[in-house]
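Undergrad: My questions will all concern the structure given below.
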Amino acid sequence: MLTLAKHTFSSRLLTGTGKFSNATTMKSAVSAAQSNIVTLAMKRVASNNAQDETLKALRELGVTLLPNTSGAKNAQEAVFAAELSYEALGSQWVKLEIHPDQRYLLPDPIETLRAAETLVKKGFNVLPYCGADPVLCKRLEDVGCAAVMPLGAPIGSNQGLQTAPFLKIIVEQASIPVIVDAGIGKPSEAMAAMEMGVDAVLVNTAIATARNPVAMAKAFASAVETGRCAFEAGLGATSNVALASSPLTAFLEPTV
Amino acid sequence: MTQIKVNVNNQPMNVISPISLSELVALKQINVDGTAIAKNAAIVSKRDWSTTYLNDNDTVDIFTLVAGG
């Protein structure tokens, strides 16, 4: 079970709802992923009768909604976005993300820490998207975040666990859940993250842009479950030299 | 009844005063679930929409939740 801010969730796969071709496919994919927590974004209403069907579909699934602060360029904007999502949903969950640079969408660590501190004080369950920086993750933990969400690679890049060595340090040091967010492109990468001991992963692009998003969601769900199972089973040690698995008795050699 | 000019999501809009935020949302056919409103950059709680009236030159920003990662 994944525990975040005293709430427990059976699934360790969080799903993002962006980039799906339509809300029906998104709903089926979230269902196949068996995700309990699903992200959303906040935006200005574009025009009459042109509303996004995402929320309606997710309400039907009964999942925990995790609105993000995407679009915020600094702490002040992120706090405002979180307060808007609180008014919109009545939910205290927020995925804090502040990425001013459009090319790599890398999170601003200073603004993220500032916003996290403010939002925790306001009573939000803060899940910050952040760089795979072990020091920053500790600082985010210290200000009271419910989890940390370090990146594997830039958002939507499907580059996998480019930050693996640092994720290992974060897992080693964290006393709050670690959720790898961004960059995971394949089920095998989600599994590798889970084997490493992260508590959960968040996947969006890899599922939404697959040829068959529903089948891919199912593949990710299996991978996450398998990776977690392997972590809990305790992986064997690695060695630079061979360590025989069979007894090295010389029974094939002629007896004297 | 007087006509006032407000700015809704960066679009000028003429409305008949008095008009509350609830009435504006209904007029624009926006679902209440998943919607948040800021009037002159200050968030207005849903429970206050029906008693919050618009004045000439007010700025209203209406936000909603959409698909996102």
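The values are calculated or read from the model by the stated rules, or taken from the named source; none is laboratory data. All values reported here derive from a predicted model rather than from experimental measurement. Don't worry about glycine lacking a Cβ; one is built from the backbone with ideal geometry, like all the others, and counts go over all protein chains shown.
Undergrad: So for segment A:41-63 (the condition being at the interface with another protein chain (Cβ under 9 Å from one of its Cβ atoms), out of contact with any Pro (no Cβ under 8 Å at 6 or more places or on another chain) and at pLDDT 95 or above), does at least one residue qualify?
TA: The answer is no, given that none of the residues of segment A:41-63 is at the interface with another protein chain (Cβ under 9 Å from one of its Cβ atoms), out of contact with any Pro (no Cβ under 8 Å at 6 or more places or on another chain) and at pLDDT 95 or above.
Undergrad: Among (1) under 18 Å from the mean Cα position of the chain (by Cα); (2) more than 8 Å from chain B (Cβ to nearest Cβ); (3) at pLDDT 95 or above, there is one condition A:Thr17 misses while meeting the rest; what is its number?
TA: Unmet for A:Thr17, out of (1) under 18 Å from the mean Cα position of the chain (by Cα); (2) more than 8 Å from chain B (Cβ to nearest Cβ); (3) at pLDDT 95 or above: (2).
Conditions (1) surrounded by 14 or more Cβ atoms within 10 Å (Cβ to Cβ); (2) within 7 Å of chain A (Cβ to nearest Cβ); (3) aliphatic (A, V, I, L, M), marked per residue:
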{"residue": "B:Asn9", "(1), (2), (3)": "yes, yes, no"}
{"residue": "B:Gly34", "(1), (2), (3)": "yes, yes, no"}
{"residue": "B:Ser50", "(1), (2), (3)": "no, no, no"}
{"residue": "B:Asp61", "(1), (2), (3)": "yes, yes, no"}
{"residue": "B:Val66", "(1), (2), (3)": "yes, yes, yes"}
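Undergrad: Taking segment B:7-52 as the search range and keeping residues that are in a strand (DSSP E or B) and out of contact with any helix residue (DSSP H, G or I) (no Cβ under 8 Å at 6 or more places or on another chain), which one is nearest to A:Met42 (Cα to Cα)?
TA: Among those residues, the one meeting the criterion is B:Ala42.
Undergrad: Looking at A:Gly131, is it within 24 Å of A:Ala5 (Cβ to Cβ) and either β-branched (Val, Ile, Thr) or more than 14 Å from chain B (Cβ to nearest Cβ) (or both)?
TA: In short, yes.
Undergrad: Report whether or not A:Val201 is assigned to a helix (DSSP H, G or I), touching a residue at least 40 places away in the same chain (Cβ under 8 Å) and crowded, with 16+ Cβ neighbours inside 10 Å.
TA: no
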